[in-house]
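Okay, structure first, notes after.
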Amino acid sequence: MGGGTKTLSPMRFSRARLFEAFQRRPRVLLLAVMFVLVVMTVKRWDFCWGAKPKMTLLYDKTVTAMEEVGVNDWWLDYGTLLGAVRDKGLLEHEYDLDIGITYEECSKMTSPEGKAVFAKYGLKLYHNKDYIPEKRTLTYDTIEKRIKMSDPFLGVGCARAYGPNGYYVDFYPYISLTPSELTTRRDSGNFTLFPEFSMDGSPYLLPPSASNSLEDPSTLACTPLGLVKEEQYKGGCFLHNAIRPLKPLTFMGKNVRIPNAPEIVLREAYGRTWGTPITKGIRGPLCYWHM
């Protein structure tokens, strides 16, 4: 009431001034839109195509560091193996490398001397008991279906190496087990049962190939992915002779090794359609990619 002047709240005042500025200076609006478009284009390029050269450099440095440490009993695994066998290169969408390794070799690699060698190549190598600050981030848990802070410790890998750009290498340790030993692990609560992958309904996990290829599963090669209850990953155990003896492969300029029967390993890890690329997440429609 009366002749007092009407004032705007700080938020309304800011919006009003901003709108007025755009009305008076359309060129400002145009430049702002152009700036946003440029940033989005750069981000999209890095999101879609910027990962591969960085991953290639990470691969080269990791293999070189492992050779210098004297780690020899290792091989390409999971997504990295899939790219090497099917695509003859790294998968377009990948942000990490996967390497299979024995516990003994992993212990040698994660020694203080081994970590020093990795550091020489600009890589931070963590043992699975180490606190990993790079891993402590806000993330979406696909199992719990909620956003939360991620665990700063490794779940199943024996080690992880980070490059300076945030991409990393996961090292999965393997052990040899007989079916009876798997049964013991299951009975002690240290083993996840996947009855749909059992050849005869027996109470232990058997890889699908046990019923239709190679030899009887007298020995299995297992990673914690097949033994840790929380993971429940179907590609955690393979026939021992699907993994060994390892085969040599020259991949991206490096002499590396892959499992003895990579097609069987990939089928058990990714299903019978592993050879057919599929769209993966938002990167598919955004980047015209397939897995």
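The values are calculated or read from the model by the stated rules, or taken from the named source; none is laboratory data. This is a predicted model, so every value here is computed, not measured. No Cβ is skipped: glycine too gets one built from the backbone with ideal geometry, and neighbour counts run over all protein chains shown. Quick note on the areas: whole protein, heavy atoms, side chains included, nothing else; ligands and nucleic acids left out. Shrake-Rupley method; radii C 1.70, N 1.55, O 1.52, S 1.80 Å.
Pick from 175, 143, 132: which is modelled with pLDDT under 85, more than 15 Å from the chain's Cα centre (by Cα) and open to solvent by less than 60 Å² (accessible area, probe 1.4 Å)? Walk me through it before giving the result.
On the way: 143 fails: open to solvent by less than 60 Å² (accessible area, probe 1.4 Å); 132 fails: modelled with pLDDT under 85.
Just a single option satisfies the conditions, and that option is 175.
Out of curiosity, is residue 67 open to solvent by 70 Å² or more (accessible area, probe 1.4 Å), over 17 Å from the mean Cα position of the chain (by Cα), in contact (Cβ under 8 Å) with a residue 12 or more places away in the chain and at negative phi? Quick ask: steps written out before the conclusion?
Details: open to solvent by 70 Å² or more (accessible area, probe 1.4 Å): yes; over 17 Å from the mean Cα position of the chain (by Cα): yes; in contact (Cβ under 8 Å) with a residue 12 or more places away in the chain: no; at negative phi: yes.
Criteria not met by residue 67.
Can you pull out every residue in the stretch 249-278 that is assigned to a loop (DSSP other than H, G, I, E, B) and of a type outside the set (D, E, K, R)?
Taking the stretch 249-278 as the starting set, the residues that turn out to be assigned to a loop (DSSP other than H, G, I, E, B) are 252-253, 259-261, 271-278.
Selection gives 252, 253, 259, 260, 261, 271, 273, 274, 275, 276, 277, 278.
Looking at (1) of a type in the set (Ser, Thr, Tyr); (2) within 15 Å of residue 58 (Cβ to Cβ); (3) open to solvent by 70 Å² or more (accessible area, probe 1.4 Å), which is the one condition that is false for residue 121?
Unmet condition: (3).
For residue 72, all conditions in the list (1) within 28 Å of residue 115 (Cβ to Cβ); (2) open to solvent by 10 Å² or more (accessible area, probe 1.4 Å); (3) assigned to a helix (DSSP H, G or I); (4) at pLDDT 90 or above hold save one; what is the number of the exception?
The single condition residue 72 does not satisfy is (3).
Does residue 54 qualify as being surrounded by fewer than 23 Cβ atoms within 10 Å (Cβ to Cβ) and at positive phi? Reasoning before the result, please.
Numbers: surrounded by fewer than 23 Cβ atoms within 10 Å (Cβ to Cβ): yes; at positive phi: no.
When the stated conditions are applied, residue 54 does not pass them.
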